[in-house]
Amino acid sequence: MNEAWWIIACMVPAGLAVTYVWRLLGVVAVMHIDPESDILLWVRAVSTALVAALVMRIVIAPSGVLADISLISRLGAMALGIGAFYITRRSTNIGTFASVIALGVLAVGVG
């Protein structure tokens, strides 16, 4: 027990230090970059495309418990979430909540 305590006591500050050093370097780097520069617009586009691709992979080819829910239910929940997102003036919280609730209802009702 005593040995595990020292390992944890060393790992936590080391992990925090590494994380916050990179965050600090990111803040310093961004202070000198125009938010509308071509490079940041490209980074934003690539990151958005990666998130969209991951979401579609989870919906189309899921693993684990989500694979037991039919494709129609998963696509329907996604469509309802997107609809709620736009109806509520692009609220990501409401869109996500609506998708989760719709998936639960459709999974129980449709399978």
For this session: Between GLY15, GLY76, GLY26, find the one with the highest GNM mean-square fluctuation for the chain; connect C-alpha pairs within less than 10 Å.
Result: GLY15
Seminar exercise, completed: Measuring from the longest principal axis of the C-alpha atoms of the chain, the long axis of helix 2-30 (C-alpha) lies at a number of degrees, nearest 10, equal to 80
Exercise. Whats the longest run of the chain with zero trypsin sites (Lys or Arg not before Pro) that are DSSP loop and have at most 10 other Cβ atoms within 10 Å?
Worked result: 1-88
Problem set entry | Alpha carbon centroid spacing (whole Å) that separates the range 90-111 from the range 7-43 | 34
Problem set entry | the chain: most fluctuating residue of ALA29, ALA14, ALA98 per GNM, C-alpha cutoff 10 Å | ALA14
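When each pair of different Cα atoms in the chain is counted once in the 1/r mean, what is the Kirkwood radius in angstroms, to one decimal?
Numbers: mean 1/r = 0.0559 Å⁻¹.
By the Kirkwood definition, the hydrodynamic radius is 17.9 Å.
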For this session: Please give the helix 38-60 orientation as an angle from the longest Cα principal axis of the chain, in degrees from 0 to 90, rounded to the nearest 10.
Result: 50
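We did not get these values from a lab; they are worked out from the coordinates using the rules stated. These numbers come from a predicted model, not from an experiment. Cβ atoms come from the backbone with ideal geometry, glycine included; neighbour counts cover every protein chain shown.
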